[in-house]
Structures are given as C-alpha cells and as structure tokens.
C-alpha cells in the first residue's frame, strides 16, 4: 500500500472515531439531562418532614389570653404547624424567530432568519429562584439543537396574574455538522408570564451565544449568535385541585387546633357517621373546657374558617390553607390591619396585622405578610413564638 493510501486510510479511521465520539457525547448528555429531570421530579415530591429525624411529640400551646376566652379554648396542645409555601412545576412549549449569525454555505459569516421550537421545564418554590431545564431546535438549511441548564429569577411584580423573570442558562449546542460535537454557550432571556389556573402564556426576549467556529484551520474564530423572540404556553405539571370533600375542608382548618393524636384518628375516618361522631367528641371536649365562660367554640371556629376562605381563597388553594388564614384560625381577626406598598419598592405590597393583649406571651403581637405574584400572601415576619 502506498504512503498516500495509508494516509487516506488513517484519515478515514480518525474521522470514524471522531464521529463515534461526537455521537457518544450527545448520547451521554441526553442521558444526563434525562437523569437530572427525573431527579428533579423525585426531589420535588419528597416531603421535607420525611427527611427530618422524628422527635417525641411535644405540647406547644398557641392560644390566646383570658380576655379572649372563647377563642382561647380552641387551641389544644399540638406541634406548631410549619409555614408551607406552594411549589411550582411547569412545562413550557414555545415557538420563536430570530437572526442567527453563522457561516452560510460554509463560507460567508452573516445573519440569517431562523425559526425555533422549544420545550422547557421550570421548578421552583413559589416566588423564589427556580430551576430551568429544556431543549430547543432551530430550522435553517441545517437542523440545529441545544440543551439548556440554568435558573429563573422572578422579578417583583404588583400584578397577581403576571410577572417578569430573568432566565440564565448554560447551553450545549449542536450546529448540525457531522462530526461536530456539542459546543458550550450561554442563553439569557427576559420573560413575561401570564398565569391561569393551569394554563399560562409566556413571551421572551432572548440572546444566545452558541460557541465559536471557523471555516478552516487558518480562519479566525467567529461567534455563533442568536437574537430573537419566543412565545408560547405553559402548563402546570402539579395535579390540579381535586373536588374537596367535607372531610378535606374540615381538616384544612382543624389541623391548626387539633392534637397530633386527634388528627391521626381523623385521617383514619372513612364513614360519614364516624366523622360526625368524631366531630361531636372533638367539640364536646372544647365546649366543656370553656363551660361557664360564655361563647360557642364551634361557632367561633366555623366563623373564622368562613372569613379566611372568603378573603384568601384562590383557584387552587383554600383560604384557611394560607398564612393569613392560619393566623385567622389561631388568633381571630386582627385588632388592626394595614395594607400598603413598600417604601423602598413600590412594586411590593405588604399587609400588617396587630393583636393587642390577645396572644399569650406577647402583649402586642405582629404579623407581616407579603403579596406574591400569584396573589397569595406569604408570612414575612411574626413575633409570636411557636
């Protein structure tokens, strides 16, 4: 075999190895992304309480003073309820259009029009920094694709139905040239989202750096850039609200005032007659405790539940299951309530509640709530122990 023939054979072998490695990189990356998405789903559905060591039950009294004797007897000893914030888990399907600076016909470096399709997954605590994982495909004379891993930071918004956010991702881009491997780049986007019960809308202004490329070994490197607009729909991946039974509605409020043992018995009830029997026994204990002090404990409780649900319920959440609803059930209506915008940021709304001589251990109890983009109120501060 001639030297030229040997050189050509070696070149072909190296080309095959390079193609094989490129495909392996793609396969490995896809598997890693799939594993990451799977892990994200698992972690998102783990109850944090399962990860904590179980300690012996302790009695923590969250009750009012004698000046509010009716409400006072509502609160039996129980583990202090934790503040729960909703989680967001959404899929986002988008279509886009923009200018892609690349080498056309493998010679000229210039912008060309490129439409795109994308699928992203967004997971976050409500109102907080979240994970953003997804993929996008571009359609020019060559089919290109990318996978992005990053974060979304919500920007404060005064609207309960829409919000802005900043997206930042590391992307792994495939220009569609064999045996070209993935290139590493970055993606930045300003996103405006509109919320619905389960379906929403998004519009993004996007800038991408897709790595560098040159025509040949002596040509200068040129950046691969894409600037454009994307729009699409988002959909919740968290199960929507089920039709609440009487038992579900009752438990939402009772969990704040019942003991752990009482709640375990309550959760084990299946028949309506057994539920009615449990309720009669539950309220009889509390009516007996306030005997001679006046007032109707059961009526007071249901009055508070009605107020909390009327004021703070949303499409996927009962009012008693919110932070202000929890305070209403435990302590009743505040003596004073003030709502206003932040002095330092007019886009932030706060609500201040005060309770005077009504909470045990605190002569002047204070609770501050902040309004989230979803319309819910989240507790930011309280001087009430427990």
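The modelled label-to-label distance between residue 112 and residue 277, using points 7 Å beyond Cα along the C-beta direction, is 7.7 nm.
Please work out the FRET efficiency for the pair residue 284 and residue 235, using the Cβ-Cβ distance as r and a Förster radius of 45 Å; give the result to the nearest 0.05. Please report the intermediate quantities before stating the final value.
Details: r = 47 Å, r/R0 = 1.05.
Once rounded, the FRET efficiency stands at 0.45.
Counting 0.36 nm for each residue step from residue 348 to residue 298 and taking away their Cα separation leaves a gain of 14.3 nm.
Given R₀ = 30 Å, FRET efficiency for residue 383-residue 259 by Cβ-Cβ distance, to 0.05? Let's see the in-between values first.
Working: r = 25 Å, r/R0 = 0.84.
Using R0 = 30 Å, I get an efficiency of 0.75.
For 322, 339, 362, what's the fewest-to-most ordering of other Cβ within 10 Å of each Cβ?
Numbers: 322 24, 339 12, 362 16.
Ranking 322, 339, 362 by Cβ neighbours within 10 Å, fewest first, gives 339, 362, 322.
Counting other beta carbons within 10 Å of each residue's own, what order do 230, 261, 201 fall into, fewest first? Walk me through the numbers before you get to the answer.
Working: 230 22, 261 11, 201 15.
With the sparsest Cβ surroundings first, the list reads 261, 201, 230.
Given a Förster distance of 41 Å, report the FRET efficiency between residue 93 and residue 270 from their Cβ-Cβ distance, rounded to the nearest 0.05.
Values: r = 41 Å, r/R0 = 1.00.
FRET efficiency, residue 93 to residue 270: 0.50.
Among 273, 248, the ranking by other beta carbons within 10 Å of each residue's beta carbon, starting with the fewest, stands as 273, 248.
Readers should treat all values here as calculations from the given coordinates under stated rules, not as data from a laboratory. The structure presented is a predicted model; accordingly, all values stated were derived computationally and were not measured. Here the Cβ is made from the backbone with ideal geometry for all residues, glycine too, and neighbour counts use every protein chain on show.
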